[in-house]
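Read the structure below first, then the notes.
The values are calculated or read from the model by the stated rules, or taken from the named source; none is laboratory data. Predicted model only: the values in this text are computed from it and were never measured. Glycine gets a Cβ as well: all are built from the backbone with ideal geometry, and neighbour counts include every protein chain shown. In case anyone asks, the SASA skips ligands and DNA or RNA and just uses the protein heavy atoms, side chains included. Shrake-Rupley method; radii C 1.70, N 1.55, O 1.52, S 1.80 Å.
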Amino acid sequence: MDFQPMHYIFKGTGNASAKTLLLLHGTGGNEHDLVPLAKNFGDDVNILSLRGNVHENGMPRFFKRLGMGIFDEKDLEFRTHEMVHFLNEIAEKEGFDSSKIIALGYSNGANIAGSTLILHPDFLIGAILYRPMQPFRNIQNGKSKKNTPLFFSSGKNDPTINVEDTNEFLKILNDNNFDVSFYEINTGHNLTQEDVDLSVEWFKTNF
């Protein structure tokens, strides 16, 4: 496959056995956006932040879309495999354990993290999903053998995500043996301090 490398920032702990927090930005963001947030999760985890390889009107994204809330599912599948391939390569280069990655994604970043959970269900050891959407209309498989823990937060007043769709995605994740902690935040699509605080507590409990 014609996989392309990705721009990234890596901040290692120097501990070869440390877990790695994978930061995945929202539409229009870049690899710098979520780095300040990562400090909330402690200094004993590596930080790896990626920039999406797709551009929409000059805005970086992790995969193409056909319209608001309508994903180009073929591109999403390709970009998910591309990202996993890159993570395995960069793990060897930077000296971190690719079997100890926890994704943290917001919006578009949460969606490619969700796609990774479906297409590579045991690649991640956990994921923090802020404002995710169901990545594929039809999901046939994707069972986790490890009962992977997930943090999932939605905005109660989010105009971009349908409540029924969120409930369907939650059901799919639970049916596929993911251990989902779901939180509905009294806000819109924006990321709030409450999201961060709840996810930090979840992280401390699980890791």
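A few notes on this one:
- Within the accessible area of the chain (1.4 Å probe), percent carbon and sulfur: 46 percent
- Only lysines eight or more places from K143 in sequence, or on another chain, were considered; those with a Cα closer than 16 Å are K171.
- With R₀ set to 25 Å, the beta-carbon distance separating R137 from K93 gives a calculated FRET efficiency near 0.10.
- Measuring max minus min along each principal axis, the C-alpha atoms of segment 76-191 give extents of 42, 28, 24 Å (largest first).
- Cut-off of 10 Å, at most 15 other beta carbons, DSSP loop: longest stretch of the chain lacking such trypsin sites (Lys or Arg not before Pro): 1-136
- 3J(HN,Hα) couplings calculated from phi for segment 16-32 with the Karplus curve 6.51 cos²θ - 1.76 cosθ + 1.60 (θ = phi - 60°) are, in sequence order, 5, 9, 5, 6, 10, 8, 8, 9, 10, 6, x, 4, x, x, 8, 5, 8 Hz; Gly and Pro show x.
- Projected label distance in nm at H55 and N162, using a 7 Å step from Cα toward the beta-carbon: 3.3 nm
- Note on K204: lysines with a C-alpha under 23 Å away, same-chain residues under 8 apart excluded, are K11, K19, K39, K100, K145, K146.
- Summing Cβ point charges (Lys, Arg +1; Asp, Glu -1) relative to the Cα centre of segment 1-150 gives a dipole of roughly 420 debye.
- Alpha-carbon centroid distance for the pair segment 1-64 / segment 163-186, whole angstrom: 24 Å
- With R₀ fixed at 35 Å, the C-beta to C-beta distance from I70 to D179 puts the FRET efficiency at about 0.75.
- Each label was represented as a point 7 Å from its Cα along the Cα-to-Cβ direction; for K145 and V35 these points are 3.7 nm apart.
- Think of a 1.4 Å ball rolled over the protein heavy atoms: the chain then has 47 Å² of accessible area per residue.
- Rounded to the nearest Hz, the phi-derived 3J(HN,Hα) couplings of segment 196-207 under the Karplus curve 6.51 cos²θ - 1.76 cosθ + 1.60 (θ = phi - 60°) are 4, 4, 5, 6, 5, 4, 4, 4, 4, 5, 8, 10, where x marks glycine and proline.
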